[in-house]
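The values are calculated or read from the model by the stated rules, or taken from the named source; none is laboratory data. Note that the structure is a prediction, hence the values are computed from the model and not measured. In this analysis, Cβ positions are derived from the backbone assuming ideal geometry, glycine residues included, and neighbour counts consider all displayed protein chains.
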């Protein structure tokens with residue numbers, strides 16, 4: 001099959017399988033690879049040392065798959081018809097990032113990618129060298145997605161698409177096939193800086209540059225350490241991730257809603273009452289969080305985050321819960337609970 005016809009057949013197959021976006025990127029090199037090295041050198045990755053491991057692979061896809069010639073990049077929307085955090089003003093309720101409301105997206109996308117790879121092999125008529133990734137390996141996903149024409153790199157560092165905003169997951173298939181690459185989209189952010197101005201912690205230190213060490217998503221998910229004292233009040237009610245820089249983006253004003261049932265919110269995951277969520281974490285962590293992205297923070301991390309949110313709530317009803325957390329076996333949970341109690345006591349005195 002002629003390469004252009006093969007590419008079109010692959011893209012048609014991806015859409016039939018259920019992906020919302022699909023494009024083809026070359027195997028590199030790309031200018032953004034050097035930006036990644038500079039970002040790491042500035043220490044912006046914080047505790048995410050796994051980004052340092054295998055850095056050379058992220059800069060050269062041939063070290064991941066020696067035969068690689070093209071990359072098929074797919075996008076799957078997870079936008080749901082639920083309000084944004086910036087419209088929910090109850091400080092006694094926590095916020096979980098939208099991507100984590102439902103099932104773990106890794107498995108959802110990997111199943112679809114596997115079906116697509118099987119379809120590609122049928123189209124080619126032979127088994128080909130390939131590797132699949134869904135945020136699971138040493139490749140620069142957003143760079144590949146940009147050069148596959150799925151969107152442009154926004155000032156909030158998310159990939160933006162005119163139809164789906166930034167509410168979509170990415171999955172890639174590295175292939176030993178020479179396919180024509182798609183054209184990258186032009187940057188459509190213009191002079192807008194809403195994401196930069198809206199970030200509570202100032203994590204967007206410049207357009208297109210994120211200091212993860214100040215990012216609420218990093219602090220509540222990736223970091224295993226104590227949250228810096230000066231940043232705790234700025235976390236507001238966020239207990240797992242943050243969506244603010246995406247919610248204020250004009251391209252996310254009316255995104256196309258996902259039809260994937262697995263991405264609908266589980267019971268108790270959309271804007272949960274902090275006390276009820278704490279009870280769920282303490283009593284039903286194994287059952288309630290099975291197959292959920294929230295497991296990444298582990299029980300200790302979630303309790304740390306909830307304690308901070310309770311301290312920021314100014315609601316005295318959380319005193320008993322926080323006193324209980326001061327007796328937790330983990331010192332990280334105890335320390336954050338004590339901070340939250342002191343914070344609430346200041347409310348009482350004011």
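Which pairs do you get when a residue that is farther than 17 Å from residue 21 by Cα and in the same structural domain as residue 168 (by TED's automatic domain parsing), found in segment 113-135, comes within reach of a residue that is modelled with pLDDT of 95 or more and in a strand (DSSP E or B), reach meaning Cβ atoms under 7 angstrom, with the pair 6+ apart or on two chains?
Taking only residues 6 or more apart or on different chains, the pairs are 128/175; 130/173; 130/174; 130/175; 131/174.
Say whether the condition of being surrounded by fewer than 16 Cβ atoms within 10 Å (Cβ to Cβ), out of contact with any helix residue (DSSP H, G or I) (no Cβ under 6 Å at 6 or more places or on another chain) and outside any helix (DSSP H, G or I) is met by at least one residue in segment 242-252.
Checked against the condition, which is being surrounded by fewer than 16 Cβ atoms within 10 Å (Cβ to Cβ), out of contact with any helix residue (DSSP H, G or I) (no Cβ under 6 Å at 6 or more places or on another chain) and outside any helix (DSSP H, G or I), segment 242-252 yields no hits at all.
Looking at segment 22-61, which of its residues are more than 18 Å from the chain's Cα centre (by Cα) and in a loop (DSSP other than H, G, I, E, B)?
Residues satisfying the conditions are 27, 28, 29, 30, 31, 42, 43, 52, 53, 54, 60.
Scan the helices (runs of 4 or more DSSP H) fully inside segment 279-350 and keep the ones with 1 or more residues being in contact (Cβ under 8 Å) with a residue 40 or more places away in the chain and under 30 Å from residue 107 (Cβ atoms).
Result: 298-313, 331-349.
Does residue 219 satisfy the condition of being without any contact (Cβ under 8 Å) to a residue 24 or more places away in the chain and either in a helix (DSSP H, G or I) or under 19 Å from the mean Cα position of the chain (by Cα) (or both)?
Numbers: without any contact (Cβ under 8 Å) to a residue 24 or more places away in the chain: yes; either in a helix (DSSP H, G or I) or under 19 Å from the mean Cα position of the chain (by Cα) (or both): yes.
So residue 219 passes the test.
When you scan segment 135-160, how many residues do you find that are farther than 17 Å from residue 68 by Cβ and in a loop (DSSP other than H, G, I, E, B)?
Taking segment 135-160 as the starting set, the residues that turn out to be farther than 17 Å from residue 68 by Cβ are 135, 142, 146, 149-160.
Next, only the ones that are in a loop (DSSP other than H, G, I, E, B) stay: 135, 149-151, 154-158.
Looking only at that region, the number is 9.
Of all residues in segment 222-241, which are part of a loop (DSSP other than H, G, I, E, B), more than 16 Å from residue 297 (Cβ to Cβ) and in contact with a helix residue (DSSP H, G or I) (Cβ under 9 Å, 6 or more places away or on another chain)? Show your work before the answer.
Pass one, segment 222-241, residues part of a loop (DSSP other than H, G, I, E, B): 223-231, 236-237, 241.
Going one step further and asking which of them are more than 16 Å from residue 297 (Cβ to Cβ), we end up with 228-231, 236.
Passing the criteria: 228, 229, 231, 236.
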